[in-house]
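As structure tokens, the structure follows; a few thoughts come after it.
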Amino acid sequence: MKNKKAEVDPIKIIMIFVILAVVVAILIYYFNTQIGKSKEITEKQFDALGDEDGDNIANFIDKCPDVKSPMGKPEFDGCADQAALDAAEKAGTE
Ligand SMILES: [Ca+2]
């Protein structure tokens, strides 16, 4: 006597494995995307602590991140004072 409930269709097993493989692939893709996003945020935070223009004022408080040392002054939050800008402009136009 054969027990009908014990029979397992091999095609059903293959289908279950295919579905599981697709679910695992979707989960791996999702977590890789999340890791990529958190890495991007961390890089931005490190960039904020850096000093792009070399005037010894960190990027996140530097109001003029493109004004290089020695023009960028701490007392002007990394910006040049107007007299220095005028002198630079005068030197550039003459
Ligand atoms: Ca700076």
### Task
Output yes when any residue across region 27-38 is within 21 Å of the chain's Cα centre (by Cα), more than 16 Å from the ligand (Cβ to nearest atom), of a type in the set (K, R) and in a helix (DSSP H, G or I), and no when none is.
yes
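Within region 71-83, which residues are assigned to a helix (DSSP H, G or I), over 30 Å from the mean Cα position of the chain (by Cα) and within 16 Å of the ligand (Cβ to nearest atom)?
Residues of region 71-83 assigned to a helix (DSSP H, G or I): 74-76, 82-83.
Filter once more, keeping what is over 30 Å from the mean Cα position of the chain (by Cα): 75, 82-83.
Answer for region 71-83, where residues must be assigned to a helix (DSSP H, G or I), over 30 Å from the mean Cα position of the chain (by Cα) and within 16 Å of the ligand (Cβ to nearest atom): just E75.
From K12, K68, which residue is within 16 Å of the ligand (Cβ to nearest atom) and over 22 Å from the mean Cα position of the chain (by Cα)?
Working: K12 fails: within 16 Å of the ligand (Cβ to nearest atom).
On inspection, the qualifying residue turns out to be K68.
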### Summary
Subset of region 39-63, residues in contact (Cβ under 8 Å) with a residue 12 or more places away in the chain and near the ligand (Cβ under 8 Å from one of its atoms), comes to E52, D53, G54, D55, N56, I57, N59, D62
### Task
Mind counting the residues in region 55-87 that are more than 23 Å from Q45 (Cβ to Cβ) and of a type in the set (G, A, S)?
5
### Task
Please indicate, with yes or no, whether at least one residue in region 60-68 is among the aliphatic types (A, V, I, L, M), at pLDDT below 90 and assigned to a helix (DSSP H, G or I).
no
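The values are calculated or read from the model by the stated rules, or taken from the named source; none is laboratory data. No experiment lies behind these values; they were computed from the predicted model shown. Reconstructed Cβ throughout: ideal geometry from the backbone, glycine too, with neighbour counts over all protein chains shown.
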